[in-house]
1. Can you go through LYS95, LYS104 and tell me which one is of a type outside the set (S, T, N, Q) and either in contact with a Ser or Thr (Cβ under 9 Å, 6 or more places away or on another chain) or touching a residue at least 40 places away in the same chain (Cβ under 8 Å) (or both)?
2. PRO108 fails exactly one of the following numbered conditions: (1) in a loop (DSSP other than H, G, I, E, B); (2) under 24 Å from LEU142 (Cα atoms). What is the number of that condition?
3. Would you check if LEU26 is modelled with pLDDT of 85 or more, touching a Pro at 6+ places or on another chain (Cβ under 6 Å) and either closer than 30 Å to ARG166 by Cα or surrounded by 12 or more Cβ atoms within 10 Å (Cβ to Cβ) (or both)?
4. For the structure I just gave you, tell me whether PHE82 is surrounded by 15 or more Cβ atoms within 10 Å (Cβ to Cβ), without any contact (Cβ under 8 Å) to a residue 24 or more places away in the chain, aromatic (Phe, Trp, Tyr) and not in a strand (DSSP E or B).
5. Starting from residues that are in contact with a strand residue (DSSP E or B) (Cβ under 9 Å, 6 or more places away or on another chain) and exposed (fewer than 12 other Cβ atoms within 10 Å of the Cβ), keep the ones in region 3-15 and report whichever is farthest from GLY88 (Cα to Cα).
6. Pick out the one residue from ARG185, ARG212, ARG245, ARG260 that is basic (Lys, Arg) and under 15 Å from PHE115 (Cβ atoms).
7. Does VAL69 qualify as being more than 24 Å from the chain's Cα centre (by Cα), exposed (fewer than 12 other Cβ atoms within 10 Å of the Cβ) and part of a helix (DSSP H, G or I)?
8. Filter region 43-64 for residues that are in a strand (DSSP E or B) and either surrounded by 15 or more Cβ atoms within 10 Å (Cβ to Cβ) or hydroxyl-bearing (Ser, Thr, Tyr) (or both) and give the result.
Amino acid sequence: MPPKEFPADYIVEGIDQTRGWFYTLLAVATLLGFKAPYKNVIALGHVLDEKGEKMSKSKGNIVNPWEIVNAYGADAIRWYFFTINHPGDPKLFSKKHIEGSIRKFLLPLWNSLVFYETYGAKSQKSKSEPPKAEHILDRWILSRLSFLAADMKSSMDAYDITFAGRALESFVGEDLSQWYIRRSRTRFSPHSKKELLKASGVLRFVLENVSRLAAPFVPFLSEIVFERLGQKESVHMAFWPEPSRSFLDPKLETQMVQLRELVAKALALRAKAGIKVRQPLASLKFSISNFQFSTELLNLIKEEVNVKDVIFEKTLKQEVELDTRITPELREEGTVRDIVRRIQEMRKAANLIPSQSVFLWYEGDSRAQALLEKYAATITRGAGVRQMKPGRKEVAVAEELVLEDGKLWIGIRL
């Protein structure tokens, strides 16, 4: 009788073992009257140099693996091999591909954790139960997470490690970092504690589950993320995330894909017109009839494209039309956004944390000062300013701005 564990679920070796180890096991099992000794075979392709040539000492094209580990870390190398192509394909090894794996996945995941640690509500940092999602971005990211867990499970059950890894990379780099966190930044403001708690709870839950999903691929980074989220046990002792039916929302996911497609077209029109995104515009019109958006989704479009109104117009000649006329009022708002951005950069230079509000002193041409005073409420709320005061004082950081309305000196300190 064959052993209890016979046959093995899978066997993995280099492709050169096709006529060696793979065949020997099969032949011996057959001679003994057993069936095939393995259910699945994973044959790994060879690692070649970046020109596609076999590595050898005589050619001088070998790569010292320990030098690569010391330079980039073991997780970066693991992620590269998992996602660059399928296991059986040859790998044309290049350092730039390792750097690409860091840039597309490891850094976005790390930066997402840092964002949470910097802006997240402290009371959420030891909770791991599923959050109650109300905001449309929260509902969307939790639905995406559930679909991701299901997709990765089915892919890994089918031994398609590359598809699973790429799905996780796309989720972290595009959905979590570039869309959810970027569009949720205002919700992480200390001015709205209720919204801050909700957003923090969702982001924490997503990061914890991503660390579980990533654990087989990048064990060291996953452990760090899991630990810094307040978990006591190792991520490698945690259960694989199960998709939550209550989170699944295919309709919302489809609408968000359409929304991001529309936004991309609108931002392309902005770029073509040479108008920066910080400059508000009056309206965006679109004629794509199958794009139907709720008020919440329309507000997302307004924020991302920075327009006052989004209008569906069936008779529009183009799919998307952007009103690029800039009125004096819109120009003022654009200038104020620039001022807020500069103050935020000054805060960063002063190594301030989000909860620290500052005093702002200002002095300049009369029109520039008048503009600052007119939009005082917007500036104090958007840049973490406690109070604005005219005049020059000794400050931590100061800057001279050249605006269309004249020169303006601003300085900040605690």
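1. Just one listed residue meets the conditions, LYS104.
2. (1)
3. The answer is no for LEU26.
4. no
5. Only one residue tops the list, namely ASP9.
6. Just a single option satisfies the conditions, and that option is ARG185.
7. no
8. Listed by number, the residues that qualify are ALA43, LEU44, VAL47, LEU48.
The values are calculated or read from the model by the stated rules, or taken from the named source; none is laboratory data. What you see is a predicted model, and the numbers here were worked out from it, not measured in a lab. Reconstructed Cβ throughout: ideal geometry from the backbone, glycine too, with neighbour counts over all protein chains shown.
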